[in-house]
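The values are calculated or read from the model by the stated rules, or taken from the named source; none is laboratory data. Because the structure is predicted, anything quoted here is derived from the model rather than measured. When we count neighbours, we look across all protein chains shown, and the Cβ atoms used for this are built from the backbone with ideal geometry, even at glycine. Note: areas computed on protein heavy atoms with side chains; ligands, DNA, RNA excluded. Shrake-Rupley method; radii C 1.70, N 1.55, O 1.52, S 1.80 Å.
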Amino acid sequence: DHGSRDEAKAMAESAVAYVKKVGADKALEDFSKDKAAWMKKDLYVFAFDLEGVTRAPGPPAQLIGKSLLGLKDQNGPEFIKALVEIAKGPGEGWIDYDWANPVSKKVENKTTFVKRIAGVEMFVGVGAYR
């Protein structure tokens, strides 16, 4: 069951509100561990700092603390760099790339909404597979 673009954007905005409510450390822990709250259908929250270091990966958790700035999708674009540029620039927006769907386990086209969190120097994203 695929989540929609609207659901992805709403989840990202909820994640930003949650960071503001409980603080970054608690929110990041919950994004990574509380799957019932932060994974719906094939949607999940991830977070990066503005240097491309993973703060909350969605799946897989072993990426926390690693820089993924140069990570490319199967077609070549450095999509984490593009996500960071959106966060640093307009502060929110959409990007398309290919990524492994945690439900189907297949690489699929994904559109992701990114939103910077003011005062925390990081951003969250939620993507919908198409």
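Here are some notes:
- Taking the numbered list (1) within 22 Å of residue 5 (Cα to Cα); (2) of a type in the set (A, V, I, L, M, F, W, C); (3) touching an Asp or Glu at 6+ places or on another chain (Cβ under 9 Å) in turn, residue 71 passes all entries but (1).
- Among the conditions (1) without any contact (Cβ under 8 Å) to a residue 40 or more places away in the chain; (2) under 10 Å from the mean Cα position of the chain (by Cα); (3) under 20 Å from residue 21 (Cβ atoms), residue 119 misses just one, which is (2).
- Residues of the range 99-120 satisfying the condition of being open to solvent by 10 Å² or more (accessible area, probe 1.4 Å) and farther than 15 Å from residue 2 by Cα: 115, 116, 118, 119, 120
- Residue match in the range 39-49 (condition: more than 14 Å from the chain's Cα centre (by Cα) and closer than 24 Å to residue 105 by Cβ): yes
- Residue within the range 85-97 that is free of Cβ contacts under 8 Å to residues at least 24 places away in the same chain, crowded, with 20+ Cβ neighbours inside 10 Å and farther than 17 Å from residue 13 by Cα present: no
- Of the residues 37, 8, 56, 12, the single one that is touching a helix residue (DSSP H, G or I) at 6+ places or on another chain (Cβ under 7 Å), of a type in the set (A, V, I, L, M, F, W, C) and either in contact (Cβ under 8 Å) with a residue 24 or more places away in the chain or closer than 18 Å to residue 91 by Cα (or both) is 56.
- Qualifying residue in the range 66-73 (condition: of a type in the set (D, E, K, R), assigned to a loop (DSSP other than H, G, I, E, B) and either over 20 Å from residue 129 (Cα atoms) or open to solvent by 60 Å² or more (accessible area, probe 1.4 Å) (or both)): yes
- Hits in the range 5-55 - residues which are more than 12 Å from residue 123 (Cα to Cα), part of a loop (DSSP other than H, G, I, E, B) and open to solvent by 50 Å² or more (accessible area, probe 1.4 Å): 34, 41
- Test result for residue 123, farther than 19 Å from residue 42 by Cα, open to solvent by less than 70 Å² (accessible area, probe 1.4 Å) and either out of contact with any helix residue (DSSP H, G or I) (no Cβ under 7 Å at 6 or more places or on another chain) or not aliphatic (A, V, I, L, M) (or both): yes
- Just one residue in the set 125, 76 is assigned to a strand (DSSP E or B) and among the small types (Gly, Ala, Ser); that residue is 125.
- Count of residues meeting criterion [of a type in the set (Ser, Thr, Tyr) and either closer than 25 Å to residue 24 by Cβ or without any contact (Cβ under 8 Å) to a residue 60 or more places away in the chain (or both)] in the range 98-116: 1
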